[in-house]
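What follows draws every value from the coordinates through simple rules; no lab data is involved. This one's a predicted model, so the numbers in the text were calculated from it and none came from an experiment. Cβ: placed from backbone, ideal geometry, glycine included. Neighbour counts: every protein chain shown.
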Amino acid sequence: MVFENLLWEITEDILTITINRADKLNALNSATILDIKKAFEEARKIEQLKGVIITGAGEKAFVAGADIAEFKELNIQQAKTLAQRGHDIFFYIEHMPVPVIAVVNGFALGGGCELSMACHMRIATANAKFGQPEVNLGIIAGYGGTQRLIQYIGKAKALELHLTADIIDAATALQLGLVNYVEVDKTAALDKAKSILQKISTKGPVAVAKVIECTNAYFKEGVDGFAYEVNAFAELFHTEDVKEGVAAFLEKRKPAFKGK
């Protein structure tokens, strides 16, 4: 795949997407947002895909935020369109049927923090920094940040970070529950992400997708997550994977799941 501002690499059925604007600290301009949309749409078409890793080029930034220069001439309708596009793309990532892990190297601020939170897991490098500093510009997070940050760290702390624009380090992010792991550098963080995806790939693919669905259902307004789980559990009994998983357990062998 060829993109304007992304690098795309598939190794051992794991897709690594690298936001490639290191000279701009990987800021999310319009072209990059559209590249991300295209990349995940193409990723969803790949059979046998074990998962996706998204990271930033260089060592200084995962994504240092949106490209603020593009905000200068926005009117109300254009701003709404911009925010809605970001929401739609980040929702698409959040609802991928395979796990998506953000490897956060350096700054993850504003839209970068929001992008990382749309992923299913986050692995930070020791030099990572997280924050939603939008109020410094007289605006607020527009790509889901006010909604997702509270899910990970709770209302009081999320409000504090949004309202003060404070930036936290990787150790604090781990303590608060925003990240799953902190690794010494980007190489170690990528290795950790690949290790997790390889482990998940040994499980039933349809079941993995259903876990993601059910977890996301908890946060959907008007959806009874418990009822959603009951239905998802039942639906899995139409699959060959359940028969294989049960048979393998009883026969004391490793299952050979086919994702069907």
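Things to note:
- Cβ-derived FRET efficiency at R0 45 Å, E59 paired with K243, nearest 0.05: 0.40
- Out-of-range pairs (alpha-carbon distance over 24 Å; input K45/K258; K37/K80; K50/K186; K129/K157; K199/K220; K24/K186): K199/K220
- Between helix 30-43 and the chain: long-axis angle, C-alpha atoms, 0 to 90°, nearest 10: 0
- Residues of the chain were split at every exposed loop site, defined as chymotrypsin sites (Phe, Trp or Tyr not before Pro) in a DSSP loop with at most 15 other C-beta atoms within 10 angstrom, and the longest piece left, sites excluded, is 1-217.
- Distance between modelled label sites at N136 and A171, nm, 7 Å Cα→Cβ extension: 2.2
- With respect to the chain, whose longest principal axis is taken over its alpha-carbon atoms, helix 240-250 is tilted by about 60°.
- Cα gyration tensor category, rounded, prolate or oblate, for region 6-200 with a/c compared to 1.5: oblate
- Gyration tensor (alpha-carbon) shape descriptor, region 205-250, a/c threshold 1.5: prolate
- Net charge, D13 excluded, C-beta distance under 10 Å - Lys, Arg +1, Asp, Glu -1: -1
- Here the simple spin-label model places points 7 Å from the Cα toward Cβ, and for E47 and A83 these points are separated by 4.3 nm.
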